[in-house]
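The values are calculated or read from the model by the stated rules, or taken from the named source; none is laboratory data. Values in this document were obtained by computation on a predicted structure and should not be read as measured data. Reconstructed Cβ throughout: ideal geometry from the backbone, glycine too, with neighbour counts over all protein chains shown.
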Amino acid sequence: MANTPGAKKAVRKIERRTAVNRARRSRVRTFLRRFDEAVQAGDAGAAKSAFIEAQSELMRAVSKGVVHKNTGSRKVSRLAAQLKKLSAA
């Protein structure tokens, strides 16, 4: 357990940061789920708008350090491929 005042403060900071990061990650997952639902429904227009929002949210998470840069890029790439496949069909 933390004994020094500095260590106790670090624990408090980590708790606050963890809560913020958890909320950001949850927000990203929500946007990804909306995109998936639009793709499952076969609605290309809704999928396109959901893709734009999901891409924006993923890149924001990358910039905040919640998601690694390569992970964010990979996810966006896969979403784009799904959207392209849906639009071609």
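Tabulated results
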quantity	calculated
Members of segment 66-85 found to be surrounded by fewer than 17 Cβ atoms within 10 Å (Cβ to Cβ) and either under 20 Å from ALA44 (Cβ atoms) or at pLDDT below 95 (or both), listed by number	SER77, ARG78, ALA80, ALA81, GLN82, LYS84, LYS85
Residue check, VAL28 touching a Gly at 6+ places or on another chain (Cβ under 6 Å) and at pLDDT 95 or above	no
Search result, residues across segment 57-89 that are within 12 Å of the chain's Cα centre (by Cα) and in a loop (DSSP other than H, G, I, E, B)	GLY65, VAL66, VAL67, HIS68
